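In what follows, a single structure is set out as structure tokens and then discussed.
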Amino acid sequence: MTAGTAAGRKAAGWLLTPVAALAPLDRGQAAGELKDVAAAAGEAELPRLASFLSQRGAAQDFLAAVFDLSPFLRDVARRRPQILDGLFEQDVDGRLAAIAKEIEASPRAEGVTEAGLMMRLRLLKTEAHFLIALAELAGVAEVALTVRRLSDLADACVRAPSRAIVAVTRPPWSATVRTPGGAPEVPGRS
């Protein structure tokens, strides 16, 4: 097996293959941004991601350009490289579906507080926004899909705290309460 084949096999493990080419404003700056994210991955004990980001290839060029062009995406990748590392395990669609389920379950978590729920929703929304933007920039999501993903995320994030409020304010004599989504919710059932 040649070194090129081994590198290709490692890159194939990352589940976002850009089909659109992005050009950074400053190639040197872009390379530095990619190194910074690779260093953050190393510090977060994500050796697979750190190694992947240190290689050369189309995916790395794409990420370097993204990090040069978008301060938001760059800063999220530096603070939470686990999001990028997750793309070795799940593709964007799979992770967004998992995030939707986590948002849905958040109000029913054991010992959830209003502050805890809002913090959890902020973290999940940031991850979803990051992945949605990355997929759009990679050219793997059409505009209609991107808009639907953002709308679904917004709906889920409005429903979650609404359900928490309904659960807290539900009158004890009520057996069924309509949630913001319109579906009846029966106390004691998930």
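The values are calculated or read from the model by the stated rules, or taken from the named source; none is laboratory data. These figures come from a predicted structure and were not determined experimentally. Every residue, glycine as well, gets a Cβ built from its backbone with ideal geometry; the counts of neighbours run over all protein chains shown.
Data overview
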{"read-out": "ALA21 more than 22 Å from THR126 (Cβ to Cβ) and modelled with pLDDT under 95", "value": "yes"}
{"read-out": "Sole exception among (1) under 21 Å from the mean Cα position of the chain (by Cα); (2) part of a helix (DSSP H, G or I); (3) at pLDDT 95 or above for GLU45, by number", "value": "(2)"}
{"read-out": "Search result, residues across segment 105-151 that are among the charged types (D, E, K, R) and surrounded by 15 or more Cβ atoms within 10 Å (Cβ to Cβ)", "value": "ARG120, LYS125, GLU127, GLU136, ARG149"}
{"read-out": "Members of segment 109-151 that are charged (D, E, K, R) and in a helix (DSSP H, G or I)", "value": "GLU114, ARG120, ARG122, LYS125, GLU127, GLU136, ARG148, ARG149"}
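Rundown of residues vs (1) touching a strand residue (DSSP E or B) at 6+ places or on another chain (Cβ under 7 Å); (2) of a type in the set (A, V, I, L, M); (3) under 19 Å from LEU150 (Cβ atoms), yes/no style:
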site	(1), (2), (3)
GLY32	no, no, no
GLY42	no, no, no
PRO47	no, no, no
ARG56	no, no, no
ALA59	no, yes, no
ASP68	no, no, no
ALA97	no, yes, yes
LYS101	no, no, yes
LEU124	no, yes, yes
